Amino acid sequence: MSNVPPIEAAKGAFEPRAFLCQAGTGKSVERYPKNQKIFSQGDIADTVLFIQKGKVKMTVLSEHGKEAVVGIFTTGQFFGEGSLEGTKLRGSTSTAMEDCLITTITKPAMLATLTAEPKFSTFFIKYLLSRNSRIEDDLIDQLFNSSERRLARLLLLLADFGKEGGSAPIPITLSQETLAEMIGTTRSRVSFFMNKFRKQGFIDYNGKIEVYRSLLDAVLHEKPQIDEDE
C-alpha cells in the first residue's frame, strides 16, 4: 500500500472517536442539512462514512421506480462500508433525516488505519458485529412478531432507548409511510397503532413522535397492551 498517504501521527494514545471526528489525510468533515442527499444509488463507492451527529436514511429504488427504506443510521454509526469489500457502486441512496455532521474517509485511508491502529480495528469490528446482530434481530422480528410489536421495537430503536437509559421523551421525525415500509405493513395499520400507543401514554404524536420510556417497559415486560397477534 505504498501509494497510500501516511496517516497523520496521533498525539499521545490513539483514540478512534477522536480520529473519526477530525479532518485530515484522506478524511473530511462535512455538514448536511435535513433532506440533503449524501450519496445516490449508482454512485462510485470509494469512501466510508461515520455519523458524528444526526440520522441518515438509506433508500433503494427498484427498476420499476418503487422506493423503499432499507435502514436508518444514527450518531456513532458507520455506513457505506461496502466499499471496503470491493463494492464498486452504491446500492442505495443516503439522505440526511436531520442536520448531520459526517466524516467521510477514503477507502485507502480507512484500510491503512485499520492496519496501523489495533484500537481502531477493534472499534470497527465491534461496530460490524453489533450491526450483524441488529440485522439478525430485525429478521427474527419480521418472522415472528406482530406488526404492532415491530412498530414498538422500531420506535424504541430510533429513539435510542437502552443506550442512555434516560426517562425524558425522545423526538422522532418520520412519516407513517416510512414507518410502514420499515416494518412491512400498511400506513393505515401504523396509524391505528400510533393512535393506540398515544392513548396508552407510550408516545405523543403531533408532527414529531415523542417516545416515552413506558413503551420500553411495556415491551420488556410483555404487557398485554402490546398484542402478539395482528
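Bear in mind that the values in this text are calculations on the coordinates, not laboratory data. Small disclaimer: the values here were computed from a predicted structure and weren't measured.
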Segment 57-129, relative contact order [Cα under 8 Å, separation at least 6], %
28 percent
J(HN,Hα) series, segment 208-214, from Karplus relation 6.51 cos²θ - 1.76 cosθ + 1.60, nearest Hz, glycine and proline x:
9, 9, 9, 9, 9, 4, 4
Starting from the amide H of residue 39, placed 1.01 Å from N in the peptide plane, find each other amide H under 5 Å away whose residue is 5 or more places distant or on another chain.
94
What's the percent breakdown of Cα-Cα distances in segment 99-138 across 5 Å bins, shortest bin first?
6, 21, 17, 22, 20, 13, 3
Report, in listed order, any pair from 57/196; 34/196; 27/126; 53/196; 57/88; 55/196 with a Cα-Cα distance greater than 24 Å.
57/196; 34/196; 53/196; 55/196
³J(HN,Hα), Karplus 6.51/-1.76/1.60, whole Hz, each residue of segment 67-72, x for Gly, Pro:
9, 9, 7, 10, x, 10
Semi-axes of the equivalent ellipsoid for segment 55-152, Cα gyration tensor, largest first, Å:
27, 19, 14
Listed by chain and number, the residues whose amide H is under 5 Å from that of residue 25, excluding neighbours fewer than 5 places away on the same chain and using placed H, are 8
For segment 152-157, Karplus-derived ³J(HN,Hα) couplings (6.51, -1.76, 1.60; θ = phi - 60°; whole Hz; x for glycine and proline) come out as 4, 5, 4, 4, 5, 5
